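K.L.:
The structure's right below; bear with me while I get my questions together.
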Amino acid sequence: MNAYIERVLAETKAKNANEPEFLQTVEEVLTSVEPLINAHPEYEKAAILERMIEPERTIEFRVTWMDDAGEWHVNRGYRVQYNAALGPFKGGLRFHPSVNLSIMKFLGFEQVYKDALTCLPIGGAKGGSDFDPNGKSDAEVMRFCQAFMTELYRHIGQDIDCPAGDVGVGGREVGYLYGQYRRLMGNAEMGAMSGKAVSTGGSILRPEATGFGAVYYLVEVLKHDGEDIKGKTIGISGYGNVGWGIMKKAADLGAKVTYLAGPDGYIHDPEGITTEEKLNFILEMRAKDSMHCKPYADKFGCEFVPGTKFWGAKDVDIYMPAATQNDVNLEWAKKIAESGVKYYIEVANMPTTNDALEFLKEQKHITVAPSKAVNACGVSVSALEMSQNAERLYWSAEEVDEKMHSIMTNIYNASVAAAERYGLGYDLVAGANIAGFEKVAEAMMAQGIF
Ligand code: GLU
């Protein structure tokens, strides 16, 4: 390994030994950009890697809120403002009991390169809280969001940092957060948050964007092999916004999601989750209880297998993990390889452990696509929302969709080109890392050392 990378990795591990998810992504990205670092010896003098690994600013704060019974609770809030070399900090907020600094830093680090890939003027950040919105009343969620923003507002702004949603933070939460921001600031600075409802300055197609974009990217991957998405079957994990968007767009294009995994097990619907009734039911099911997908099987009379994942099923053409980090470990990756499936398209942020990712990439019969590229359409439409807010205009669905298409095609093409440029062949994972990294490094070099 390149000596500079090796040294920085060792230092990072020593300094952040208690942050496993963060170390996982740093190791994955740094090892894959080795050809780029080899080609730029000047990066070491400018401490590029050290500066990329250290967030520009990390904010950690107390969030105190009252439940409906009048009891007080204290949660921890975060915003990791990772890198703003390309534009204002940009990235989502995650509300989930698993949230800690390691998870925030891993997500923030990935966001920097994802946002760079979009070629839009946005830096990278991530935030959130260990608050669990599941099972909370609407009033509790509102009070929590207001308490969270009462601290966060002083650190964000349309030219500083624009948070949006992520796991556990959807349109409702963004609405409450933005409402509190507006109240505290005393102005309607719409570009300070994205993922807003269209009625309050949001972009058309933002809720669909990540899932639709993932399918647009998939279409490019299939095209490369002379394949058509029409008639293909897809297995996904996760049925949040992203999973729902994939189901919807796949159905529009004549493909179908036949496997769906949730925290309680998986369902198998050979007919596909394609009709409006089924897609709407998914939305209702998630709104009621995001921990169980069994109600879908009960409602539509299909198979439900409790307590396990479907990775390894043979009667599916494409796997798309769209749930959360480290969904697929080496054991599952081996089952995936044995199934004979040809496409493994990551959608959730870091859904694959590093050893599983390495293993899947080694399988000649599988094309692996990385989440950084595949799920970048969500943040892209967020950036388009910022543009619309700055213009004080709304764009039509056609306009937004056309831009989504071209952004995702560009990301795919830029990744292919970057891998080829560095002699790596058709490697979508390294290609995406290199293309994103190169853009950030170039901007940092141009801005001098600080
Ligand atoms: N949380 C999403 C992501 O991982 C969206 C972020 C945004 O829209 O700013 O990219």
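K.L.:
Suppose the filter is modelled with pLDDT of 95 or more, more than 13 Å from the ligand (Cβ to nearest atom) and either surrounded by 18 or more Cβ atoms within 10 Å (Cβ to Cβ) or under 30 Å from GLY431 (Cα atoms) (or both); does PHE144 pass it?
P.N.:
Yes: the conditions hold for PHE144.
K.L.:
Anything in region 324-359 that is small (Gly, Ala, Ser), more than 16 Å from the ligand (Cβ to nearest atom) and either in contact with a helix residue (DSSP H, G or I) (Cβ under 9 Å, 6 or more places away or on another chain) or on the phi < 0 side of the Ramachandran plot (or both)? List them, or say none.
P.N.:
ALA333, ALA337, SER339, ALA356
K.L.:
Filter region 339-363 for residues that are over 23 Å from ALA435 (Cα atoms) and of a type in the set (D, E, K, R) and give the result.
P.N.:
Selection gives LYS342 alone.
K.L.:
Also, I was wondering about something else. Being under 17 Å from the mean Cα position of the chain (by Cα) and surrounded by fewer than 20 Cβ atoms within 10 Å (Cβ to Cβ) is the filter here, so list the residues in region 316-353 that pass it.
P.N.:
Those that are under 17 Å from the mean Cα position of the chain (by Cα) and surrounded by fewer than 20 Cβ atoms within 10 Å (Cβ to Cβ): THR324, ASN326.
K.L.:
Considering only residues of region 380-398 that are touching a Lys or Arg at 6+ places or on another chain (Cβ under 7 Å) and under 16 Å from ILE160 (Cα atoms), which is nearest to the ligand (Cβ to nearest atom)?
P.N.:
Taking the candidates together, the pick is SER382.
K.L.:
Then there's this: Out of (1) surrounded by 23 or more Cβ atoms within 10 Å (Cβ to Cβ); (2) in contact (Cβ under 8 Å) with a residue 40 or more places away in the chain; (3) of a type outside the set (S, T, N, Q), the odd one out for ALA192 is which?
P.N.:
Result: ALA192 passes all but (2).
K.L.:
Out of all the residues in region 320-335, which are touching a Gly at 6+ places or on another chain (Cβ under 6 Å) and closer than 17 Å to PRO370 by Cβ?
P.N.:
ALA322, ALA323
K.L.:
A follow-up question, please. Only residues in region 156-171 that are under 7 Å from LEU93 (Cα atoms) count as the first member; pair them with residues that are among the aliphatic types (A, V, I, L, M) and more than 11 Å from the ligand (Cβ to nearest atom), Cβ under 7 angstrom, at least 6 apart or cross-chain, and list the lot.
P.N.:
PRO163/ILE156
Residue-by-condition table, conditions (1) of a type in the set (Gly, Ala, Ser); (2) crowded, with 18+ Cβ neighbours inside 10 Å; (3) within 23 Å of the chain's Cα centre (by Cα):
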| residue | (1), (2), (3) |
| --- | --- |
| VAL221 | no, yes, yes |
| VAL257 | no, yes, yes |
| THR274 | no, yes, no |
| LEU283 | no, no, yes |
| ASP289 | no, no, yes |
| TYR296 | no, yes, no |
| VAL305 | no, no, no |
| PHE310 | no, yes, yes |
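K.L.:
When ALA116 is evaluated against the numbered criteria (1) farther than 14 Å from ALA85 by Cα; (2) more than 11 Å from the ligand (Cβ to nearest atom), which criterion, by number, is the only one it fails?
P.N.:
With (1) farther than 14 Å from ALA85 by Cα; (2) more than 11 Å from the ligand (Cβ to nearest atom) applied to ALA116, the lone miss is (1).
K.L.:
Identify all residues within region 304-347 that are in contact with a His (Cβ under 9 Å, 6 or more places away or on another chain) and farther than 23 Å from GLU220 by Cα; write none if there are none.
P.N.:
PHE304, VAL305, PHE310, ALA313, THR324
The values are calculated or read from the model by the stated rules, or taken from the named source; none is laboratory data. Since this is a predicted model, take the numbers as computed values, not measurements. Cβ sites come from the backbone with ideal geometry, for glycine too, and all protein chains shown count toward neighbours.
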